[in-house]
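No lab work stands behind these numbers, since they all come straight from the coordinates. All values reported here derive from a predicted model rather than from experimental measurement. Virtual Cβ from ideal backbone geometry, glycine too; neighbours counted across all protein chains shown.
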């Protein structure tokens with residue numbers, strides 16, 4: 001049995017995410033540049049959560065971000081439909097002169113850090129230029145969902161931010177909505193059927209209840225103007 005002090009997340013059938021191991025919980029807001037592009041993460045307040053806590057997955061709790069049992073009252077369907085294939089099998093590869101970009105489109109959480117400065121898909125073709133390379137690194141590593149991974153073409157090593165285990169509640173003022181649960185630092189996530197998803201440095205879990213790629217976010221929160229309201 002797993003040590004209760006070890007950070008991990010268990011998905012319950014049609015119910016909440018159970019978080020173990022005193023994982024820090026805080027708000028992170030997308031900050032924009034002068035042109036309205038996603039530019040940086042602005043850390044916000046920490047949420048007192050404790051050693052073990054349950055996070056709402058249906059999007060309807062009156063005690064968000066925590067679960068209050070509403071999922072049972074509304075008949076929430078939390079069926080997990082996301083691929084169980086490893087990231088490398090899901091991603092397409094785009095080669096540039098000095099870097100390689102991997103892109104698993106199904107994991108997109110619509111944070112839009114990939115769009116400024118002409119978009120990462122164009123910038124990757126210019127990574128023999130120092131300025132373009134720096135922008136590619138910035139945009140790929142700011143992608144919360146891990147949809148985008150950039151690698152050094154010579155070594156093949158992924159360029160990843162160093163993150164301690166944490167869960168960030170994403171807020172997106174540019175779209176006037178609340179975003180996903182940004183899970184950082186390689187926290188294992190176990191499906192309701194007992195299968196553990198590939199452990200990754202950064203992933204985003206749906207908290208609006210409407211993703212078509214559960215348990216992962218697919219950007220639907222922006223379409224429905226989901227508000228956490230905590």
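Quick one: is residue 144 within 18 Å of residue 205 (Cα to Cα) and in contact with a strand residue (DSSP E or B) (Cβ under 6 Å, 6 or more places away or on another chain)?
Numbers: within 18 Å of residue 205 (Cα to Cα): yes; in contact with a strand residue (DSSP E or B) (Cβ under 6 Å, 6 or more places away or on another chain): yes.
Yes; evaluated as a whole, the condition is true for this residue.
For the stretch 10-33, indicate whether the set of residues that are under 20 Å from residue 189 (Cβ atoms), free of Cβ contacts under 8 Å to residues at least 40 places away in the same chain and in contact with a strand residue (DSSP E or B) (Cβ under 6 Å, 6 or more places away or on another chain) is non-empty.
The first filter runs over the stretch 10-33 and keeps only residues under 20 Å from residue 189 (Cβ atoms), leaving 10-26, 28.
Of the ones still in play, those that are also free of Cβ contacts under 8 Å to residues at least 40 places away in the same chain are 18, 20, 22.
Going one step further and asking which of them are in contact with a strand residue (DSSP E or B) (Cβ under 6 Å, 6 or more places away or on another chain), we end up with 18, 20.
Yes; the residues of the stretch 10-33 include at least one that is under 20 Å from residue 189 (Cβ atoms), free of Cβ contacts under 8 Å to residues at least 40 places away in the same chain and in contact with a strand residue (DSSP E or B) (Cβ under 6 Å, 6 or more places away or on another chain).
Only residues in the stretch 71-88 that are in contact (Cβ under 8 Å) with a residue 12 or more places away in the chain and at negative phi count as the first member; pair them with residues that are surrounded by 11 or more Cβ atoms within 10 Å (Cβ to Cβ) and not in a loop (DSSP other than H, G, I, E, B), Cβ under 7 angstrom, at least 6 apart or cross-chain, and list the lot.
Every condition considered, the pairs that remain are 80/11; 82/216; 83/90; 83/106.
Looking at 98, 111, 104, 91, which is the one that is more than 14 Å from the chain's Cα centre (by Cα), touching a residue at least 40 places away in the same chain (Cβ under 8 Å), surrounded by 12 or more Cβ atoms within 10 Å (Cβ to Cβ) and closer than 17 Å to residue 213 by Cβ? So that I can check it myself, show each step before the final result.
Details: 98 fails: closer than 17 Å to residue 213 by Cβ; 111 fails: more than 14 Å from the chain's Cα centre (by Cα); 104 fails: more than 14 Å from the chain's Cα centre (by Cα).
Being more than 14 Å from the chain's Cα centre (by Cα), touching a residue at least 40 places away in the same chain (Cβ under 8 Å), surrounded by 12 or more Cβ atoms within 10 Å (Cβ to Cβ) and closer than 17 Å to residue 213 by Cβ holds for just one of 98, 111, 104, 91, which is 91.
Could you please find all residues in the stretch 42-58 being touching a residue at least 24 places away in the same chain (Cβ under 8 Å), assigned to a loop (DSSP other than H, G, I, E, B) and out of contact with any helix residue (DSSP H, G or I) (no Cβ under 8 Å at 6 or more places or on another chain)?
Answer for the stretch 42-58, where residues must be touching a residue at least 24 places away in the same chain (Cβ under 8 Å), assigned to a loop (DSSP other than H, G, I, E, B) and out of contact with any helix residue (DSSP H, G or I) (no Cβ under 8 Å at 6 or more places or on another chain): 49, 50, 51.
Can you report the number of residues in the stretch 140-193 which are more than 30 Å from residue 50 (Cα to Cα) and assigned to a strand (DSSP E or B)?
The number of residues fulfilling the criteria is 6.
Being out of contact with any strand residue (DSSP E or B) (no Cβ under 7 Å at 6 or more places or on another chain) and farther than 17 Å from residue 214 by Cβ is the requirement here; does residue 75 meet it?
no
Within the stretch 47-70, count every residue that is surrounded by 11 or more Cβ atoms within 10 Å (Cβ to Cβ) and over 15 Å from residue 181 (Cβ atoms).
Final tally of qualifying residues: 7.
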